[in-house]
Amino acid sequence: MTGNARDAVASVKIAAGREAIWTALTTPEQIEKYFLGTHVTSTWEVGTPVTFAGEWQGKHYQDHGIVLAAEPPELLRVSHYSPLSGKPDVPENYHTVEYRIENDNDNTSLVTITQGNNTSEGEAAESEKTWLLVLTNLKELLEAS
């Protein structure tokens with residue numbers, strides 16, 4: 001974290017097992033359904049690229065990063081850079097986004113997304129709102145199945 005910035009953290013309990021959630025987090029067709037229309041491309045192997053493309057608030061974006069950790073079915077961590085930030089494409093301008101899946105019981109899991117390297121409290125607060133929306137959409141998708 002830089003200066004006063006903090007991590008953005010959002011969590012939701014989902015009535016689904018970790019394997020089903022992992023599949024939803026790593027399957028492009030499912031990601032597009034709950035992640036605000038985002039098309040994600042990756043092999044999900046550590047060190048490989050990940051791209052995110054779509055439209056946000058009327059603007060097309062093509063973000064990118066690297067898979068930093070993949071420990072199915074409990075942990076996925078990627079770096080993330082968005083040219084829409086207006087900042088140079090250098091490592092210090094990348095966020096780290098971690099998806100953690102914990103079993104609450106046999107049929108319920110706690111999914112937590114943590115976004116690090118926010119530049120301000122305001123950025124962290126906005127990111128928390130967005131991640132909570134994504135998690136709520138994921139919950140609705142998986143619980144409707």
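Any read-out appearing in this document is the output of simple, stated calculations on the displayed coordinates, not a laboratory observation. It should be emphasised that the depicted structure is a prediction, and the values quoted were computed from it without experimental measurement. Cβ placement follows ideal geometry from the backbone for every residue including glycine, while neighbour counts extend to all protein chains displayed.
What value does the chain have for Rg/Rh, both radii from Cα atoms and Rh as Kirkwood defines it?
Values: Rg = 14.6 Å, Rh = 15.5 Å.
Computed over Cα atoms, the ratio is 0.95.
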Quick one: if you stick a label point 7 Å off each Cα along the C-beta vector at N103 and K129, how many nm between them?
3.7 nm
Segment 57-145: GluC sites (Glu not before Pro) falling in loop per DSSP and having at most 16 other Cβ within 10 Å:
E74
Count charges around G17 for me, please; just the other residues with Cβ under 11 Å from its Cβ, Lys/Arg as +1, Asp/Glu as -1.
-2
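Below 11 angstrom from the Cβ of S82, what's the summed charge of the other residues (Lys, Arg +1; Asp, Glu -1)? Could you put the intermediate results ahead of the total?
Details: positive: K59, K87; negative: D63, D89.
Its environment carries a net charge of 0.
Net charge within 14 Å of Q30 by Cβ-Cβ distance, Lys/Arg positive one each and Asp/Glu negative one each, not counting Q30 itself? Before the final figure, lay out the partial values.
On the way: positive: K33, K139; negative: E19, E29, E32, E140, E143.
For residues surrounding Q30, the net value is -3.
Divide by every residue of the chain the summed helix terms, -39500 (n - 2.57) for each DSSP H run of at least 4, and state the resulting mean residue ellipticity at 222 nm, rounded to the nearest 500 deg cm²/dmol. Kindly include the intermediate steps, with their values, before the conclusion.
On the way: 3 runs with 40 residues, N = 145.
Here the helix-only value at 222 nm equals -9000 deg cm²/dmol.
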Helix 121-144 versus the longest principal axis of the chain: what angle, 0 to 90°, nearest 10, using Cα atoms?
30 degrees
